[in-house]
Number of protein chains: 2
Amino acid sequence: MSEPDAVLRLLLDGRPRTRAELIDSSGLARSTVTGRIESLLATGLVVPSGEAASTGGRPPARFRLNPAARLILAADVGATHLSVALTDLTGEIVARSTTPLNIAEGPEIVLAEVVRTGRSLLKTAGRSLKDLAGTGVGLPGPVEHSTGRPNHPPIMPGWDSYDVAGRLSRELPGPVLVDNDVNIMALGEHATEYADVEHLLFVKVATGIGAGVISGGRLHRGAQGAAGDIGHIQTPGHTELCRCGNVGCLEAVASAAAIAARLNVSGSHDIIDLVRSGNTAATTAVRQAGREIGTVLAAAVSLLNPSVLVIGGSLSQAGDHLLAGIRETVYARSLPLATTGLHVTTTRSPYDAALRGAAILVQQHVLVTPS
Amino acid sequence: MSEPDAVLRLLLDGRPRTRAELIDSSGLARSTVTGRIESLLATGLVVPSGEAASTGGRPPARFRLNPAARLILAADVGATHLSVALTDLTGEIVARSTTPLNIAEGPEIVLAEVVRTGRSLLKTAGRSLKDLAGTGVGLPGPVEHSTGRPNHPPIMPGWDSYDVAGRLSRELPGPVLVDNDVNIMALGEHATEYADVEHLLFVKVATGIGAGVISGGRLHRGAQGAAGDIGHIQTPGHTELCRCGNVGCLEAVASAAAIAARLNVSGSHDIIDLVRSGNTAATTAVRQAGREIGTVLAAAVSLLNPSVLVIGGSLSQAGDHLLAGIRETVYARSLPLATTGLHVTTTRSPYDAALRGAAILVQQHVLVTPS
């Protein structure tokens, strides 16, 4: 029940506050708040921000968060690319870099590249390693939350149980937080676009299919950090063999990989090009994939009753056909109460959500939990 | 961020604490804690509980929750029965009554019976209305959480949008909290048997089928309070017509009502009798229903990664056949990470979970939120 960082948490919204306001809003003892402000001023995380109007006597000083005091290193490791960014303490991106990199190169090579790019971005920004508050990493596979290690990731040879945080901590200061890419996309989309929404479901449709669940404003990771793994839910009426060994998995039926195989092209970029050129087979395939995904999402809507359902991932950029198919099935198969006010939409930040979410992981760990 | 009831929340575990311990654990100012203890002593909610060992000088007084200070009225309104109980502030049942009552009699008759039974239980216990801290009610249909009103409940003619809380508040003191029966069963089972479990899914299999979702230790109600409504998720390979107007809904395929119709008997009691007498058709039907329910629960396990999956409701009492069918499909259709440590089991409190959950609704409202 102890709340040592209630002061910092209150200041996260950017609004300056007086000592009296912080005592009042936190319910903490005057001495606790005063001590906390002093140590935050000493680290530079909080700065003085003018004075409030006087009510007689010396006008009270106000304090605010200093978002630029420290930087967060955010890495989004994809199947075939690596994106690295520096953000401020609010998760705002200040510098970024994206480079092709095959995850099958293995953790040593990929994580060395994360460190190298991070150092390079810091140098360009005129900052140094000691300015880092921490590092957040998203990986394209299941991550066991308690250990931060990949757990039998299907497309990440050499990464199973690898100590990602330990490896990066050898070269980077501050905590290293690791999660799967869909969870960090959900965190980023929620923090950036839907901060006031309590219940949100983020669905990534790309080479694979996965979801991130925001429940009560917080990321729902589940007991082993495996929540949101909807790619292997059975799609009614399908028997396609999946790489997981089961049949009829949503991912084997409706992912970009499945559609690409059916259209005899190589991936989501080709599918998007075909759809944009008006190819009927591609348009039909994407819309039908939307319907299949919609069947599984209708079940998720019945179970969770979110108010926002965000479709992201590379295939979400294939015009409105995917979204149309999803909407068609979700509205047909969910009860009226659960779709009252349900907003089904495409991601608003297709390129930044993952990096911002990786930064939010660190922000929540550093600023909100006891140091 | 203000925490006016942190003191009471700390004492909910029953352990006596000194003023210094309460200040320490809550992080609140000494004056805040002292004032709160004084007002709690005045209401009788907290009582002195001896003294701690002295460390020199006067030994410090200790305080503990007095669970019997106030009573909670808990009502579980079923399709064909009404159960009413008095509990203490921890949700422990001190008196109860169950009577046959058809919910189709309508809200006026059913709620008048809740009040009459409540008064009668109070009288027998030698207590009066002024001892009531509040009333919790579970209803067998969707309830809009923000208003506490039933929302198009399919088996509750005359109840749609009825102001249940307003009606009861005319005759009963304290807040009246209303939720659907599955949510209160989940709350009761969680509080009673799995208080330390973060992620739990409670599934009721009876005339209908529904679920209660515990996420991060709290009930996940969703945006409109409709979360857990799994009875109308499509069951792969089925086209049975459901009373909701859709086809292939889980409830139309695997509920006690669906099985009873197939076996040409009248309900779950008959099914249980047949299963216990060794009837092969009944045993086979219950096991197959378990498999169909398991298909939907496998999807829920993939999405939420709970550590406990509890099967309750009348059909859960039909031996182990239902559970066996559910386990078979859940383990076959979920990824290994999500079933590592997943415990699939039958309710431990088939008769009390709903009443205890209705009491927990009130306890959480009265003791944990600002008064």
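Residues whose amide H falls under 5 Å from that of B:G134, counting only those 5 or more places apart or on a different chain, are B:L73, with hydrogens built in the peptide plane. Every helix of 4 or more DSSP H residues in chain A counts as -39500 (n - 2.57), and over all residues that averages to -11500 deg cm²/dmol at 222 nm.
Across region A:48-70, the residues whose backbone nitrogen lies under 14 Å from the label position 7 Å along the beta-carbon direction of A:T18 are A:49-63.
Computed from Cα positions, the angle between helix B:280-304 and the longest principal axis of chain B comes to roughly 50 degrees. Here the Gaussian network model covers chain A, with springs between Cα atoms less than 10 Å apart; of A:I103, A:I155, A:I271, A:I155 fluctuates the most. Of A:A332, A:A299, A:A42, the residue with the greatest mean-square motion in the GNM of chain A, using alpha carbon springs below 10 Å, is A:A42. Against chain B, whose longest principal axis comes from its Cα atoms, helix B:107-124 is set at around 50 degrees. Taking amide H atoms as placed 1.01 Å from N in the peptide plane, the amide H of A:E144 lies under 5 Å from those of A:R149, A:N151, each 5 or more residues away in sequence or on another chain.
In this simple spin-label model, placing a label point 7 Å from the Cα along the Cα-to-Cβ direction at both A:H269 and B:A112 gives a separation of 7.4 nm.
Among the residues of B:295-302, the average count of other protein chain beta-carbon atoms within 10 Å of the residue beta-carbon is 6. Note on B:S25 and B:T98: their simple-model spin labels are 3.6 nm apart, each label 7 Å out from Cα toward Cβ. Kindly work out what percent of the DSSP beta bridges joining two residues of the protein assembly as shown are antiparallel, to the nearest 5. Approximately 60 percent, going by the DSSP bridge assignments.
Counting DSSP beta bridges with both partners in region A:194-346, what percentage is antiparallel, nearest 5? About 55 percent, rounded to the nearest 5.
Note on A:136-146: average number of Cβ atoms from other chains within 10 Å of each residue's Cβ is 1. A Cβ-based charge dipole, computed about the Cα centre of the protein assembly as shown with Lys and Arg at +1 and Asp and Glu at -1, lands at about 1360 debye.
The calculated FRET efficiency for A:Y351 paired with B:L41, based on their beta-carbon distance and R0 = 45 Å, is about 0.15.
Label-to-label distances for A:N264 across copies, nearest first, come out at 5.6 nm, using points 7 Å from Cα in the beta-carbon direction.
Comparing mean-square fluctuations of A:A300, A:A20, A:A85 from a GNM of chain A with C-alpha springs under 10 Å, the top value falls on A:A20. Label separation (B:S128 vs A:E51): 5.9 nm, computed from points 7 Å beyond Cα along the C-beta direction. Derived scalar couplings between HN and Hα for region B:170-187 equal 5, 10, 10, x, x, x, 10, 10, 10, 8, 7, 4, 6, 4, 6, 5, 5, 4 Hz in order, rounded to whole Hz, by the Karplus curve 6.51 cos²θ - 1.76 cosθ + 1.60 (θ = phi - 60°), x for Gly and Pro. Around the amide H of B:R70, modelled in the peptide plane, lie the amide H atoms of B:L89, all under 5 Å away and 5 or more residues distant in sequence or on another chain.
Axis angle, to the nearest 10 degrees, between helix B:321-333 and the longest C-alpha principal axis of chain B: 90 degrees. With a/c under 1.5 counting as rounded, go ahead and sort region A:150-193 into rounded, prolate or oblate using the C-alpha gyration tensor (a ≥ b ≥ c being the square roots of the eigenvalues; past the cut-off, prolate if a/b is larger than b/c, else oblate). Oblate, since a/c reaches 1.5 and b/c is not below a/b. Determine the distance separating the Cα centre of region A:274-289 from the Cα centre of region B:134-187; give it in Å without decimals. Each part reduced to its Cα centre gives a spacing of 47 Å. Rounded, prolate or oblate, given the Cα gyration tensor of the protein assembly as shown, with a/c below 1.5 counting as rounded? Oblate is the answer for the protein assembly as shown, as a/c is 1.5 or above yet b/c matches or exceeds a/b. Computed extension gain for A:S120 through A:D160, at 0.36 nm per residue and net of the alpha carbon distance, reaches 11.6 nm.
A short reminder: the numbers here are calculations on the coordinates, not readings from a lab. Treat the numbers as computed from the prediction; the structure is a model and nothing was measured. Note that each Cβ is placed from the backbone with ideal geometry, even for glycine, and that neighbours are counted across all protein chains shown.
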